[in-house]
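No value in this document is a laboratory result; all are computed from the given coordinates. Note that the structure is a prediction, hence the values are computed from the model and not measured. For neighbour counting, all protein chains shown are included, and Cβ atoms are generated from backbone atoms with ideal geometry for every residue, glycine included.
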Amino acid sequence: MNGINDSRIKLSQLRALVAVAEYSNFSEAALRLQLSQSAVSHAIASLEEELGVVLLSRGRHGANLTPVGERVIAHARQVLELLEAMHKEADLEKGLHGGMVRIACFRSVATHLLPSAIAQFRSRFPEIAVTIAEHYDYVGIEQALREGHADIGFTYLPTGNEFATWEILRDEYVVLLPPTSKLRIAQISWEQLASYPLICPSVHNACHILIRNHFLASGIPLNVTYEMNEDSTIVSMVLQNLGAAILPRLAAEPVPKGVHICSLPVPLHRLIGVAVLANALQTPAVFAFLDTLKSATQFNLKTAV
């Protein structure tokens, strides 16, 4: 048998082994690691293949360590503890034992993207404070960055050259049909959409502008019956059979039971990005949060709404 190739053993495999051993269950370990159950199973199987031994016995009563698994997991825990110690030493040197990160965002980002990122960040940097200011629109977010009231902002792309940005999500605009609708289709036609009273974000909202311009480019007039400021109000009105709505998918979540989602006749997306002032001197805490955010949003892009 060939020797073990250390470069092919990944930290993610060791974390998966420790989590499964702790819970004796693949699905609970997957929840803990914020991964799919298949990803955890693949990590364990790959580790067993590389080591050439069976680490876990699988059965009706869960997953339990084999005798060799008991010995291997002790070393796995040591590796993970040493890695954590390395991070702490580096964080102390970089001045990450205090400070604050100020975030400006809109509601759908604060609801669906930020919580997991902040939880990860707080577990690693408990002494760094994180504040969130919700804004009605991206205009207020970018102004907060310019005036120094926020370090990090979530906005629509593209932006001006004054910001350094990267895209984290392409959020599709979808049609929400009321429970009384008989349509259960993946994509609605313009004619079908025109048969419903239309509920949209208010005229001063960036989403309204994007929707209006999209309709104009398609040669279809935008006939809006209701204009509302709050996404949750729009969804509630659809639920009460007052009409159909057009919203970004992230803003529509959670969609109530009975409300049907379908795509626009011509697809439309908003590009959500993270922005910082391009020429500003950022603190180590801000850079650390940006690193955490990149990792957290990569997970969200694979598994989220």
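Numerical summary
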| item | result |
| --- | --- |
| Candidate lysines for bridging to Lys182, where Cα separation is under 19 Å - those fewer than 8 sequence places away on the same chain excluded | Lys257 |
| Max mean-square fluctuation residue, GNM over the chain, Cα-Cα springs under 10 Å, options Gly52, Gly98, Gly148 | Gly52 |
| Global form of the chain, assessed from the alpha-carbon gyration tensor, a/c cut-off 1.5 | oblate |
| Added length on full extension, which subtracts the Cα-Cα distance from 0.36 nm per residue, Lys257 to Leu216 | 11.6 nm |
| Fewest-first ranking of Ser108, Ser232, using other Cβ atoms within 10 Å as the exposure measure | Ser232, Ser108 |
| Expected 222 nm ellipticity per residue - DSSP helices of 4 or more, -39500 (n - 2.57), all of the chain, to 500 | -14000 deg cm²/dmol |
| Where a label projected 7 Å from the Cα of His61 along Cα→Cβ would reach, residues of the stretch 27-42 with amide N under 20 Å | 27-29 |
| DSSP H segments from the chain that extend 20 Å or more along their own axis, Cα-based, with Kyte-Doolittle mean of -0.5 or above | 37-51, 67-93, 284-303 |
| Long-range amide H partners of Gly99 with built H, under 5 Å | Ala129 |
| Sites His149 and Arg170 - FRET efficiency at Förster radius 22 Å, r taken between beta-carbons, to 0.05 | 0.20 |
| Listed peptides 74-83, 32-41 by packing density, highest first (mean Cβ within 10 Å) | 32-41, 74-83 |
| Rounded to 5, the percent of DSSP beta bridges in the stretch 170-269 classed as antiparallel | 55 percent |
| Ordering of 244-250, 59-65 by packing [mean C-beta count within 10 Å, highest first] | 244-250, 59-65 |
| Loop-located trypsin sites (Lys or Arg not before Pro) in the stretch 92-132 whose Cβ has at most 10 other Cβ within 10 Å (DSSP) | none |
| Leading residue at positive end of dipole, the chain (Cβ point charges), from Ser116, Ser181, Leu290 | Ser181 |
| Spin-label zone in the stretch 153-188 - amide nitrogen under 14 Å from a point set 7 Å from the Cα of Gln282 along the C-beta vector | 153-155, 163-168 |
| Contour excess over end-to-end distance, with Cα ends at Lys182 and Asn223 and 0.36 nm allotted per residue | 12.6 nm |
| Packing-based ranking, highest mean first, of 14-21, 170-177, 66-73 given that Cβ atoms within 10 Å are counted | 14-21, 170-177, 66-73 |
| Residue order, fewest to most beta carbons within 10 Å, for Ser57, Ser116 | Ser57, Ser116 |
| Alpha-carbon centroids, the stretch 218-239 and the stretch 29-67: separation in whole Å | 47 Å |
| Per-pair calculated FRET efficiency, R0 = 51 Å: Ala74 and Leu271 via Cβ, rounded to 0.05 | 0.60 |
| From phi via Karplus (6.51, -1.76, 1.60), per-residue ³J(HN,Hα) for the stretch 170-176 in Hz, x at Gly/Pro | 9, 9, 6, 7, 10, 9, 9 |
